[in-house]
Amino acid sequence: MTPTEKRNQRLAQRLIKNLQRRHFEAYYCATAAEAVEQVNALIPDGSSVTWGGSMTIRDIGLTQRLHQRGTLRVMDRDQAQDRDEAQAIYRAAFGADFYLSSTNALSEDGVLVNIDGNGNRVAAITFGPRRVIFVVGLNKVAQDVEAALKRARSTASPINAARFDIKTPCQTDGLCHNCNSPESICNYVHFLRNSHPAGRHVVVLVGEALGY
């Protein structure tokens, strides 16, 4: 085991304890491939499943893996023919058995911080789907909630603005300006500090750098 692998394992063990103290179900997978299989195992045949805009779950092949099963009712916004159909999937997500996401940042004591432009992701995380599963690379761990919020605003948001080619100040220079731009993707700031009801939220930590 390399020094990095040792550190990741020890950090994950600490995070799992802190998440469990906050009533989350939590797991650690050393690799993205292991995480795909872990999430797949958590979702029973016949379940309805959907997801937010996370690049993590797409990049590791999780969404493709769930499509391939053929035993799930998958609501995939990426396959929507137009905005109206995508909006219908956003709303249908509230009745799903499983909602998949990543997070913009995770504090060492177990608080997940997310920032949304439209709010559909943080709304589903908060209420609706029977269970919510987060896939989180350890690169998103921050020392405390304040640092997690800074990571979400100064790292994740400018990258996502660039990804969507949104005309915001952070697109220009990569820095957060605490803007009120009409195209801002930082309209809803969400802190998930406890899973309620207990066990509704699952965090799968991954010992790789994933997403933004």
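Put simply, the amide H of Ala26, placed in the peptide plane, has neighbours under 5 Å in Val203, leaving out anything fewer than 5 places away on its chain. Between the alpha-carbon centres of region 70-122 and region 156-181 there is a gap of 21 Å.
In this structure Ile166 has an accessible area near 20 Å², from a 1.4 Å probe over the protein heavy atoms.
In the chain, the DSSP-assigned H stretches of four residues or longer account for a calculated mean residue ellipticity at 222 nm of -10500 deg cm²/dmol, using -39500 (n - 2.57) per stretch and the full residue count as denominator.
For Ser102, the amide hydrogen comes within under 5 Å of the amide hydrogens of Ser54, Val135, counting only partners 5 or more places away or on other chains and with H modelled in the peptide plane. Size estimate for region 164-205 follows the Kirkwood approach: the inverse of mean 1/r over distinct Cα pairs works out to 13.1 Å. For Cα extents along the principal axes in Å, pick the label among [x] 43, 40, 31; [y] 81, 40, 37; [z] 49, 38, 38 that corresponds to the value derived from the coordinates. Read-out taken from this structure: [x]. Max-minus-min Cα coordinates of region 46-163 on each principal axis give 40, 26, 26 Å, with the largest extent listed first. Protein heavy-atom surface of the chain, 1.4 angstrom probe: 48% of the accessible area is carbon and sulfur, with nucleic acids and ligands not counted. Annotation: His177 carries an accessible surface of approximately 100 Å², with a 1.4 Å probe and no ligand, DNA or RNA atoms counted. Averaged over residues, the count of other Cβ atoms within 10 Å places the peptides 71-82, 34-45, 149-160 in the sequence 149-160, 34-45, 71-82, highest first.
Using a Gaussian network model of the chain in which every pair of alpha carbons under 10 angstrom is joined by a spring, one finds that among Gln171, Gln68, Gln13 the greatest mean-square fluctuation is at Gln68. With the convex hull of the Cα atoms taken as the outline of region 126-210, the averaged projected area works out to 6.6 nm².
Put the Cα centre of region 194-211 next to the Cα centre of region 44-65 and the gap is 14 Å. Computed with a 1.4 Å probe over protein heavy atoms only, the accessible surface of the chain comes to 48 Å² per residue.
The values are calculated or read from the model by the stated rules, or taken from the named source; none is laboratory data. As the structure is a prediction and not an experimental result, all values here were calculated from the model. Every residue, glycine among them, receives a Cβ derived from its backbone with ideal geometry; neighbour counts consider all protein chains shown. Heavy atoms of the whole protein, side chains included, go into the accessibility calculation; ligands, DNA and RNA do not. Shrake-Rupley method; radii C 1.70, N 1.55, O 1.52, S 1.80 Å.
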